[in-house]
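Worksheet for the structure shown next.
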Amino acid sequence: MKKKISLLSLISLFIISCGGGNSNENGRSNFSMFGGNGSQRSTSVETSEIEIGTIADQVRSYGNVKAQNVISVVPQVSNRITNLYVDLGDTVQQGQALAKIYDATFRDQLTQARSQVEQSRIALRRDSSEYERQQQLMERDLTSESQLDIAQAAYQNSLAQYESARSSLTQAQENFNNTEVKAPVTGVIISRALEKGDLATTGTELFQIASTNGYESRIYLPVQDWREVKIGQEVNLRVSNESNVSARGIISRKSPQLDATTGLGEVVITLTQTGNDIYPGVLVENVINITTKEQAMIVPRSALVEQVETVINPETNTIDLERTYSVFVSRGDSIAERRQLELGIEQGDKIEVLAGLIPDDKIIVTGQSGLEDGSRISVASGDRFEAPEQRQIERQANRPGRNAASGQNPLANMSEEERAEAREKMQDMTREERMAYLRELREQQAENADSTSN
């Protein structure tokens, strides 16, 4: 009797195992237990078409926007500041008064200089008349040559003193005028170093004025990028943390040499169009298009699979790393095929494909990390990768009863309380019990939906 029972058990087990026509809940053939073709589980993936569009080889670097001309206003005389007429951010016109320096001393010097000029003028007139008289007397032999020479020396000395007095007057007048500090150009006050009552000295900056003629951005590039950029190339400028282009410009100047310390080359970008976000000092990203290609095959960087191989260089006896890139292509929506790629221009998260794909290919963009060449796949629609809230709203809009009957997750059509209760029930269940429980929920939801529609 025991032998019969054992034989029947073995036969039953064999029949169950060989039932290749039936599939379990996971879609795998029961024949997989013996290594049949159904042993490989399909992986859910998302595919995307290859983008055909424009891509550019770009140089990106950050720099600050500044006025093309920033002028330092330095006092020409030294004394206390008695008044300040402007402050930061004020727009000033050329020749406008900015500050006043205590001028009593310079006024006295100016008065003294004027008096010296007047005295020198009187002495010059006197000595000039005497010299002319001596010349006339000499012509009539009524004076000696020594008297003429004395008169001539006195005249020349008076003339020199008069010229010196005039120079002193000019300097005194200039010093007095400089007690009123004026704007050398039209612009905006961007810096003020002293306050009222401070001592202003010659050589010490008092104000900085940014000329309103235009703006520029200076960037410093490594030698590879510095070689590529050319004067006249267009540049897009984007304020840091902003998504849209804030200004446009062109490369106006380029340093002919690299900095010996940093190894970087300076490039000056003159802004031609500015938006409301552009002002002196703002940090911007400068994007320079080096090469632009039309009708290029473009794939997202996230779709690439990187392979790194270690190679021993026999000449240098060193270990080198060789990197290759590939993508998986969906073949018949059921098989993943690996394609080795030759890449071109890289722009942000997009990369140009030079070889390895054709425009009609559908590349796998989600779920490719664990695939191998020839892996079985199941191409899922986009909603399989959406957030649960989005899927729930969509199902409610499309008659949830029918969706439940089609085999989708029945928990998505429950309220939060019902969902929590169902999860609690399934915690202690086995896998088979959970599958049966979910199947029962689907059937109940389908019956409720049909009864509601009827």
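Listed conditions (1) open to solvent by less than 60 Å² (accessible area, probe 1.4 Å); (2) touching a Phe, Trp or Tyr at 6+ places or on another chain (Cβ under 9 Å) are all met by Phe328, apart from (2).
Within the range 38-56, which residues are open to solvent by 40 Å² or more (accessible area, probe 1.4 Å), touching a residue at least 24 places away in the same chain (Cβ under 8 Å) and either part of a loop (DSSP other than H, G, I, E, B) or over 30 Å from Leu283 (Cα atoms) (or both)? Residues satisfying the conditions are Gln40, Arg41, Ser42, Thr43, Ser44, Glu46, Ser48, Glu49, Glu51, Ile52. One residue stands out among those in the range 197-219 that are under 36 Å from the mean Cα position of the chain (by Cα) and assigned to a loop (DSSP other than H, G, I, E, B): the one that is surrounded by the fewest Cβ atoms within 10 Å (Cβ to Cβ), which is Asn213. Go through the residues of the range 219-231 one by one and say whether even a single one is within 18 Å of Val70 (Cβ to Cβ) and either of a type in the set (Asp, Glu) or touching a residue at least 12 places away in the same chain (Cβ under 8 Å) (or both). Looking through the range 219-231, at least one residue is within 18 Å of Val70 (Cβ to Cβ) and either of a type in the set (Asp, Glu) or touching a residue at least 12 places away in the same chain (Cβ under 8 Å) (or both). Highlighted here are the helices (runs of 4 or more DSSP H) found entirely within the range 342-454 that include at least 3 residues which are at pLDDT below 60: 388-397, 400-405. Taken together, the criteria exclude Ile290 from residues that are touching an Asp or Glu at 6+ places or on another chain (Cβ under 6 Å), more than 22 Å from Ser61 (Cβ to Cβ), among the β-branched types (Val, Ile, Thr) and surrounded by 13 or more Cβ atoms within 10 Å (Cβ to Cβ). Whenever a residue of the range 314-327 is in contact (Cβ under 8 Å) with a residue 40 or more places away in the chain, its partners that are outside any strand (DSSP E or B) and of a type outside the set (A, V, I, L, M), lying with C-beta atoms within less than 9 angstrom and at least six residues away or across chains, give the pairs Val327/Gly356; Val327/Asp361; Val327/Gln368. Among the residues of the range 246-287, the ones that are of a type in the set (S, T, N, Q), assigned to a loop (DSSP other than H, G, I, E, B) and surrounded by 15 or more Cβ atoms within 10 Å (Cβ to Cβ) come to 1 in all. Here the range 225-245 is the region considered, the condition is being more than 11 Å from the chain's Cα centre (by Cα) and charged (D, E, K, R), and the residue that is surrounded by the most Cβ atoms within 10 Å (Cβ to Cβ) is Asp225. Counting the residues of the range 340-356 that are in contact with a Leu (Cβ under 6 Å, 6 or more places away or on another chain) and either surrounded by fewer than 17 Cβ atoms within 10 Å (Cβ to Cβ) or without any contact (Cβ under 8 Å) to a residue 12 or more places away in the chain (or both) gives 1. If you check Leu137, Leu148, Leu124, Leu98 for being open to solvent by less than 70 Å² (accessible area, probe 1.4 Å), of a type outside the set (Phe, Trp, Tyr), touching a Ser or Thr at 6+ places or on another chain (Cβ under 7 Å) and in contact (Cβ under 8 Å) with a residue 12 or more places away in the chain, only one passes: Leu124.
The values are calculated or read from the model by the stated rules, or taken from the named source; none is laboratory data. Note that the structure is predicted; figures quoted are calculated from it, not measured. Virtual Cβ from ideal backbone geometry, glycine too; neighbours counted across all protein chains shown. The protein model used for the area step is the full one, side chains on, heavy atoms only, and it has no ligands, DNA or RNA in it. Shrake-Rupley method; radii C 1.70, N 1.55, O 1.52, S 1.80 Å.
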